[in-house]
Amino acid sequence: MFQIRDGSGKVFNRVNNPAVVYDSNDSVLLKIGEKETMQQFFEFVQNRYRAYGFHDMANDIALMELPKDQEEIDKVFQICDYIGKLHKRALLH
C-alpha cells in the first residue's frame with residue numbers, strides 16, 4: 001500500500017494501484033488516487049469537456065498509472081510539473 005502525502009508527511013489517502021489524471025499539455029495534476037477511481041474521473045472530465053465542445057481540451061486530459069514507488073508518488077504529489085517529466089519519459093518508451 002502506498003500513501004498520498006504532502007512534504008510534511010500528512011497522509012491524504014492510501015492506495016494500492018496509484019494513478020493520476022492530469023492535463024498533458026500544461027503538466028497540471030488534476031487528481032491522484034486509486035487506479036479505478038482515477039479511470040472514472042478521467043472519463044468524467046473528458047466527457048464534460050466534450051459536452052461543452054472543448055474537444056481539444058478533452059484530448060489533453062490524460063490518465064497515467066504511477067510507478068509503485070513511494071518516492072515517485074511523493075514527487076508527483078509534491079512537486080509542480082513533476083507529472084510533466086513523467087509524461088515526457090513515458091513518451092520516450
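Rule-based calculations on the coordinates, nothing more; no lab input. Everything numeric here is computed off the predicted structure, so don't read it as measured data. Please note: Cβ atoms are built from the backbone with ideal geometry, for glycine as well, and neighbour counts cover all protein chains shown.
Residue separation times 0.36 nm, minus the C-alpha to C-alpha distance between residue 17 and residue 91: what's the value?
24.6 nm
Quick one: net charge of residue 20's neighbours, Cβ under 15 Å, K/R +1, D/E -1?
-3
So what is the relative contact order of the chain, in percent, for Cα pairs below 8 Å that sit 6 or more residues apart? Write down the numbers at each step before the final one.
Numbers: 145 pairs, mean separation 29.7, N = 93.
Result for the chain is 32 percent.
Only counting other Cβ atoms within 10 Å, I'd like 30, 66, 91 sorted with the fewest neighbours first.
Fewest-to-most Cβ neighbours within 10 Å comes out as 91, 30, 66.
Per residue and in Å³, how big is the convex hull formed by the alpha-carbon atoms of the chain?
With only Cα atoms used, the chain gives 92 Å³ per residue.
Find the centroid of the Cα atoms in region 60-77 and in region 11-55, then give the distance between the two in whole Å.
Using only Cα atoms, the two centres lie 12 Å from each other.
For n ≥ 4 DSSP H runs only, could you compute -39500 (n - 2.57) per run for the chain, divide by its residues and tell me the 222 nm figure to the nearest 500? Intermediate results must be reported in sequence, preceding the final value.
Values: 4 runs with 43 residues, N = 93.
Helix-only estimate at 222 nm: -14000 deg cm²/dmol.
Label residue 1 and residue 31 with points 7 Å out from Cα along Cα→Cβ: what is the distance between them in nm?
Spacing of the two 7 Å Cα→Cβ label points: 2.2 nm.
Please check the chain for the longest run free of chymotrypsin sites (Phe, Trp or Tyr not before Pro) that are loop-located per DSSP (anything but H, G, I, E, B) and have at most 14 other Cβ atoms within 10 Å. Before the final figure, lay out the partial values.
On the way: sites that count: 52, 54.
Looking at the chain, 1-51 is the longest stretch - no exposed chymotrypsin sites (Phe, Trp or Tyr not before Pro) with at most 14 other Cβ atoms within 10 Å.
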